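Let me begin by presenting the structure, written as structure tokens, before commenting on it.
The values are calculated or read from the model by the stated rules, or taken from the named source; none is laboratory data. Here the structure is a predicted model, which is why all the values come from computation and not from measurement. Every residue, glycine as well, gets a Cβ built from its backbone with ideal geometry; the counts of neighbours run over all protein chains shown.
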Amino acid sequence: MSHTHYVNTLMDEIVSFRSSIAAGNVSPDVTPEEIREHLNNQFDLSQPRMLDAVIRDVADMMRRWSLHTTNPNYFGLFNPNVTEAAVAADALTALYNPQLATWSHAPCANEIEKFTLDFFLRQFGFDPQTSAAHFTSGGAEANHTAVIAALTRHFPSYGNAGIRSLTGQPVLYVSEQAHHSFYKIAHSTGIGRDGVRIVPVDRALRMDIRSLEHLIAADLQNGYIPFMVAGTVGTTPAGVIDPLEDIARSCKKYSLWFHADGAWGGAVVLSNAPQPLAPGIQLADSITCDAHKWLSVSMSAGMFFCRHQHAVGEAFRITASYMPEQVQNTTDLYATSLQWSRRFIGLKVFMTLAERGAGGLAAMVDDEIALGNALREALMLSGWKIVNTTPLPVVCFTHDRFQGNPLPAENLLKKLYADGSLWISGVTIPHYGFVLRACIINYMTTQHDVTRLVTTLDRFLNETTAMD
């Protein structure tokens, strides 16, 4: 058999799947036992199989037994469709398999990543000459990197002697709508989960600045050591943007590190909106942004940006005799980030940007924002109540028929999932309780899909409330 036969099989699957994804269901009807039985029956791992047969079988399983986040009728979490450029880039990355830990092992790959990150640094208002940036496994790692850099800069003894060398308990501040990764980060960095202060939100679900400053002042009076505030650019539950300019002022007042967690919403800096949709993000000390969310590349492709090169270099400094000598005027990523062995994460971001251009990415962002607005209008016209305020395409909504009871909304979701034709999520929102949530995250989603979503919701609402 030709060595290229498996490539043809793979290419057939890529072309076929991408052309048919919109016509299929979003969610599968399958049990764990069904998948396990198939694996046990079809794969005797003690015996080899032809690769093209393995590809066909795995592709069939993926088609039948996946929740298809790339379907334009998926209105769920921040899992988008993927550009053709990203698919090609992941294949090239696997083929060449460059090791990005040191520049000398992957000159081309390292420079492509730097070139790409410099573009985003400028979009965020940072100077590439004085800033640091690298790709990460995702937003959690990027946020983790920010906390380590902030601790290192705020507490010079932390890097060598650890938390025990400090004169008090360090604390960081996030809103009650912030990503929960900060608890895990606090645990792993040694400040402990009790070192995370939860700031209440206002009626618009944004971090309340008066509450923030009250907490900081109280902690200082009680001997704690504030060192960082993390504002969110597009919260996971409701897509809300915290008051970044106010947070920046508070951080300056108390000499704290200001981190902007824009894992999803940070890409809004590409928008062509007449006014910035995330004003103040350029004031941050560090920023998280995931290309595998709003920029439609395959997972994983997180990005970390920091205006303080020295802090990042000091936080991750390391030398090892078995690593190649550093090339002059380059950066070795194993000594400037949490990771050591490094996959060529940035190629799919570079190739997507190269293929579509900055204007093409801006159009993707703006089109999805426009569809989010269209969804809000259609829901309100149909009698639904919008409960979140954001320029981003996350829509949280409820209905008067639910009367504060979560059961009808939960039953509606169950009917929706059983139907399988589209997918939204549910979320608990302060002041409102359990509500429904739809996010426009797919560049292939159209007005027709939005109309279909509202029509389907209306149908299931009538069926659910009639039963209740």
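Quick one: is E111 modelled with pLDDT of 95 or more, in a helix (DSSP H, G or I), within 22 Å of S300 (Cα to Cα) and among the charged types (D, E, K, R)? Here the answer is yes, as E111 does meet what is asked. Scanning the stretch 150-192 for residues that are in a helix (DSSP H, G or I) and under 20 Å from the mean Cα position of the chain (by Cα) yields a count of 6. Quick check on V174: is it in contact with a Cys (Cβ under 6 Å, 6 or more places away or on another chain), hydrophobic (A, V, I, L, M, F, W, C) and within 15 Å of T288 (Cβ to Cβ)? When the stated conditions are applied, V174 does not pass them.
Which one of I440, I424 is in contact with a helix residue (DSSP H, G or I) (Cβ under 8 Å, 6 or more places away or on another chain) and closer than 25 Å to N272 by Cβ? Full working, then the answer.
Working: I424 fails: closer than 25 Å to N272 by Cβ.
It is I440.
With respect to R122, is the statement that it is farther than 17 Å from I287 by Cα, surrounded by fewer than 23 Cβ atoms within 10 Å (Cβ to Cβ) and out of contact with any helix residue (DSSP H, G or I) (no Cβ under 6 Å at 6 or more places or on another chain) true? In short, no. For the stretch 58-79, state whether one or more residues are over 25 Å from W264 (Cα atoms) and not in a helix (DSSP H, G or I). Yes, the stretch 58-79 has at least one match.
Whether a residue is at pLDDT below 95 and on the phi < 0 side of the Ramachandran plot was assessed, and A374 does not pass this test. Within the stretch 259-279, the set of residues being buried (at least 21 other Cβ atoms within 10 Å of the Cβ) and either without any contact (Cβ under 8 Å) to a residue 60 or more places away in the chain or among the aromatic types (F, W, Y) (or both) comprises A260, G262, W264, A278. Residues being over 21 Å from S425 (Cα atoms) and surrounded by 14 or more Cβ atoms within 10 Å (Cβ to Cβ) are entirely absent from the stretch 72-80.
Scanning the stretch 1-37 for residues that are exposed (fewer than 15 other Cβ atoms within 10 Å of the Cβ) and among the acidic types (D, E) turns up D12, D29, E33, E34, E37. Across the stretch 220-232, the number of residues qualifying as surrounded by 19 or more Cβ atoms within 10 Å (Cβ to Cβ) and of a type outside the set (A, V, I, L, M, F, W, C) comes to 3. Here D127 fulfils each of the conditions (1) part of a helix (DSSP H, G or I); (2) more than 21 Å from the chain's Cα centre (by Cα); (3) acidic (D, E) apart from (1). For the stretch 233-258, a residue qualifies if it is among the hydroxyl-bearing types (S, T, Y), over 21 Å from L436 (Cα atoms) and buried (at least 24 other Cβ atoms within 10 Å of the Cβ), but none of them does. In summary, D366 fulfils each of the numbered conditions (1) closer than 16 Å to V268 by Cα; (2) among the acidic types (D, E); (3) in the same structural domain as N272 (by TED's automatic domain parsing) with the single exception of condition (3). Within the set C396, C306, the sole residue that is farther than 21 Å from N81 by Cα, modelled with pLDDT of 95 or more, outside the structural domain of N97 (by TED's automatic domain parsing) and surrounded by 22 or more Cβ atoms within 10 Å (Cβ to Cβ) turns out to be C396.
The residue list G76, G24 contains one member that is more than 23 Å from the chain's Cα centre (by Cα), touching a residue at least 40 places away in the same chain (Cβ under 8 Å) and under 30 Å from T451 (Cβ atoms), which is G24. None of R249, R203, R197, R210 is modelled with pLDDT under 95 and of a type outside the set (D, E) except R203.
May I ask you to list the residues in the stretch 219-242 that are part of a loop (DSSP other than H, G, I, E, B) and in contact (Cβ under 8 Å) with a residue 40 or more places away in the chain? Lay out the reasoning, then the answer.
So in the stretch 219-242, the residues part of a loop (DSSP other than H, G, I, E, B) come out as 222-224, 234-240, 242.
G223, Y224, G234, T235, T236, P237, A238, G239, V240, D242, listed by residue number.
All of F397, F402 fail the test of being among the hydrophobic types (A, V, I, L, M, F, W, C), under 15 Å from T456 (Cβ atoms) and in contact with a Phe, Trp or Tyr (Cβ under 9 Å, 6 or more places away or on another chain), apart from F397.
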